[in-house]
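> First the structure, which I've put down as structure tokens, then a few questions once you've had a look.
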Amino acid sequence: MMPPPEHSPVAPPPLAPHPGDRTLHVAFNRRTALLALIAATTVGACRKKPAAAPTPEPTTPAVNEDSIRAAQAERDRLAREQAERDRLAREAADRDARIAAARASLVAPVYFDYDQADIRDDARTALEGKLPILTANANLRIRVAGHTDQRGADEYNIALGQRRAAAVKRFFTERGVDGTRVDIVTFGEERPTCTEEGESCYSQNRRAEFEVVSGGESLTLPSGGQ
């Protein structure tokens with residue numbers, strides 16, 4: 001006869017958690033979280049701030065000797081060019097001034113004594129100053145006009161003015177100027193520069209005047225006057 005089977009032990013049913021235990025567990029978890037938060041905050045506050053990066057020392061750029069020499073060479077070149085422009089401008093201004101002076105000398109009048117057509121000393125000097133300009137400008141043609149003061153008859157003064165103009169032309173032709181380049185005309189007393197009475201006024205009217213007829217647009221300065 002077989003023995004009766006043994007009954008397997010039966011585990012007792014789990015105990016239902018006590019309500020008070022659940023409350024304690026929740027409170028424990030909250031306290032643990034709070035402590036962790038406090039600890040994290042304390043650690044963060046105690047952690048040192050990183051040190052500021054040091055200010056870099058200013059560096060002196062390397063000197064490029066080639067660039068310095070090139071810049072100086074460029075400045076020197078510009079200075080030379082400016083000096084050359086200034087020189088040319090001064091020469092042009094000087095030449096223009098000398099041309100203007102030559103033109104003024106060419107047309108400057110010469111004066112005569114009362115009732116005379118002879119070339120006096122001051123007139124000779126003035127005419128000699130005109131000769132180099134006439135010589136340097138072969139295409140230059142001039143007109144010489146003879147004048148008198150208002151004393152004397154009209155016909156006489158017309159003839160006197162003609163003699164004065166002819167005396168000037170003769171002065172030039174005797175010194176190599178082609179006679180075809182010098183025209184003469186007389187106005188007698190018809191064109192006075194001064195209308196007052198008296199010798200100081202009369203002397204200004206006894207004259208020979210000069211006018212450039214052609215070739216005076218671009219005067220050539222006499223040799224040595226360029």
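Read the figures in this text as sums done on the coordinates, not as results from a lab. Here the structure is a predicted model, which is why all the values come from computation and not from measurement. A quick note on method: Cβ atoms are made from the backbone with ideal geometry, for glycine too, and the neighbour counts reach across all protein chains shown.
> Would you calculate the convex hull of the Cα atoms in the stretch 110-214 and tell me its volume per residue in Å³? Intermediate values should be presented prior to the final figure.
Details: hull volume 9.3 nm³, N = 105.
In the stretch 110-214, the Cα hull volume divided by residue count equals 89 Å³.
> Along the Cα-to-C-beta direction of Ser105, a point sits 7 Å from the Cα; which residues of the stretch 115-147 have their amide N less than 15 Å from that point?
123-137
> Another question, if that's okay. Tell me the net charge near Gly179. Cut-off is 12 Å between Cβ atoms, Gly179 excluded, with +1 for each Lys or Arg and -1 for each Asp or Glu.
+2
> Asp154 to Ala93: extension gain in nm, 0.36 nm per residue of separation minus the Cα-Cα distance?
Details: separation 61, 0.36 × 61 = 21.96 nm, distance 4.67 nm.
Answer, rounded to one decimal: 17.3 nm.
> How would you order 155-166, 78-89 from highest to lowest mean count of nearby Cβ atoms within 10 Å?
Result, highest mean Cβ count within 10 Å first: 155-166, 78-89.
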